């Protein structure tokens, strides 16, 4: 789902977009000439792999987002909560895909391994 940056108004513009494995919903609100505040939640059931035993499992996930979107290049890389959309179009599907990829890159344990306190045996 793409929204023109210029369409984001001063009022709270609500949106909802359903992707293949998750849904993002929230508000877009203009905070300056080149800044829009995004407050949203990504919800879905993701297919993950256990980092301990390698088994595939599904997990219901809810990811809260509070980001600043801009249509200008950032002057410094210090603000990690700002995303650039330099073509003047806010691409919610790309934003959601990036947040899901970030979530998947963390460690995840299946229900069987989650409570296990045993050490992992490693051969060298």
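The values are calculated or read from the model by the stated rules, or taken from the named source; none is laboratory data. Just so it is clear, the model here is predicted, and its values are computed rather than measured. As a convention, Cβ positions derive from the backbone with ideal geometry for all residues, glycine included, and neighbour counts pool all protein chains shown.
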Exercise for review: Output the number of residues of segment 47-56 satisfying the condition of being crowded, with 17+ Cβ neighbours inside 10 Å and in a strand (DSSP E or B).
Suggested key: 1
Exercise for review: Kindly list the number of the only condition in (1) farther than 16 Å from residue 89 by Cα; (2) in contact with a helix residue (DSSP H, G or I) (Cβ under 7 Å, 6 or more places away or on another chain) that fails for residue 60.
Suggested key: (2)
Exercise for review: State all residues of segment 1-25 that are surrounded by 17 or more Cβ atoms within 10 Å (Cβ to Cβ) and either modelled with pLDDT under 85 or on the phi > 0 side of the Ramachandran plot (or both); if no residue qualifies, say none.
Suggested key: 3, 5, 8
Practice item. Filter segment 79-113 for residues that are assigned to a helix (DSSP H, G or I) and without any contact (Cβ under 8 Å) to a residue 40 or more places away in the chain and give the result. Key: 94, 98, 101, 102
Review point. Which one of the conditions (1) closer than 23 Å to residue 109 by Cβ; (2) modelled with pLDDT under 90 does residue 53 fail to meet, given that it meets all the rest?
Key: (2)
Check your understanding: Does residue 74 qualify as being surrounded by 11 or more Cβ atoms within 10 Å (Cβ to Cβ), assigned to a helix (DSSP H, G or I) and either at pLDDT 90 or above or touching a strand residue (DSSP E or B) at 6+ places or on another chain (Cβ under 7 Å) (or both)?
Key -> no
Point to revise | Number of the condition not met by residue 63 [criteria: (1) over 20 Å from residue 1 (Cβ atoms); (2) surrounded by 14 or more Cβ atoms within 10 Å (Cβ to Cβ)] | key: (1)
Exercise for review: Go through segment 77-86 and give me each residue that's in contact with a strand residue (DSSP E or B) (Cβ under 6 Å, 6 or more places away or on another chain) and exposed (fewer than 11 other Cβ atoms within 10 Å of the Cβ).
Suggested key: 81
Practice item. Keeping to segment 1-25, report how many residues are within 21 Å of residue 104 (Cβ to Cβ) and in a strand (DSSP E or B). Key: 6
Review point. So, of the residues in segment 87-110 that are over 19 Å from residue 24 (Cβ atoms) and at pLDDT below 90, which turns out to be surrounded by the fewest Cβ atoms within 10 Å (Cβ to Cβ)?
Key: 88
